[in-house]
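Laboratory data are not the source of any read-out in this text; all were calculated from the coordinates shown. Predicted model only: the values in this text are computed from it and were never measured. Cβ sites come from the backbone with ideal geometry, for glycine too, and all protein chains shown count toward neighbours.
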């Protein structure tokens, strides 16, 4: 009996490690996810989200300014749902792709698979993670364009 329970705990924790809660806030979806992939708040820590929201006039080269009311509502949503796990540990930037965990998980992917037009960069999660919008980043759902399943 202990072996079965332990196996279930390991399976649950392995599954959770590759999934995050869905970004389901309507204002966030309207203002952020309409221009780019709607990154789940748990993929970045609260400090990172504060940095992202701190300069929307120059949001990665684009003016993404919001009204103060919209800004405050989205900032509250993303910081209250921010990550505090191995996904976000050690990341002092406002880039999800700069966390040590993210770098470790993507280190073996050849540049030619990233630089291709169908992917463009590692910030394009949904290009390879077929269930990214549902918060599922498990390896079984990775299909790299012009390559196939990632095993």
May I ask you to sort 86, 18 by Cβ crowding, counting other Cβ atoms within 10 Å and putting the fewest first?
-> 86, 18
Mind sorting 37, 60 by how few other Cβ atoms lie within 10 Å of their own Cβ, fewest first?
-> 60, 37
Working from Cα positions, state the angle (0 to 90°, nearest 10) between the long axis of helix 68-80 and the longest principal axis of the chain.
-> 20
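Add -39500 (n - 2.57) for each DSSP H run of 4 or more in the chain, then divide by its residues: what number comes out at 222 nm, to the nearest 500 deg cm²/dmol?
Only helices count here, giving -10500 deg cm²/dmol.
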Going from the fewest other Cβ atoms within 10 Å to the most, one would list 59, 129 as 59, 129
Angle in degrees between helix 2-17 and the longest Cα principal axis of the chain, rounded to the nearest 10 = 30
Would you indicate which of (1) 1.01; (2) 1.34; (3) 1.13 is the value of Cα Rg over 2.2 N^0.38 Å derived from the coordinates of this structure?
-> (3)
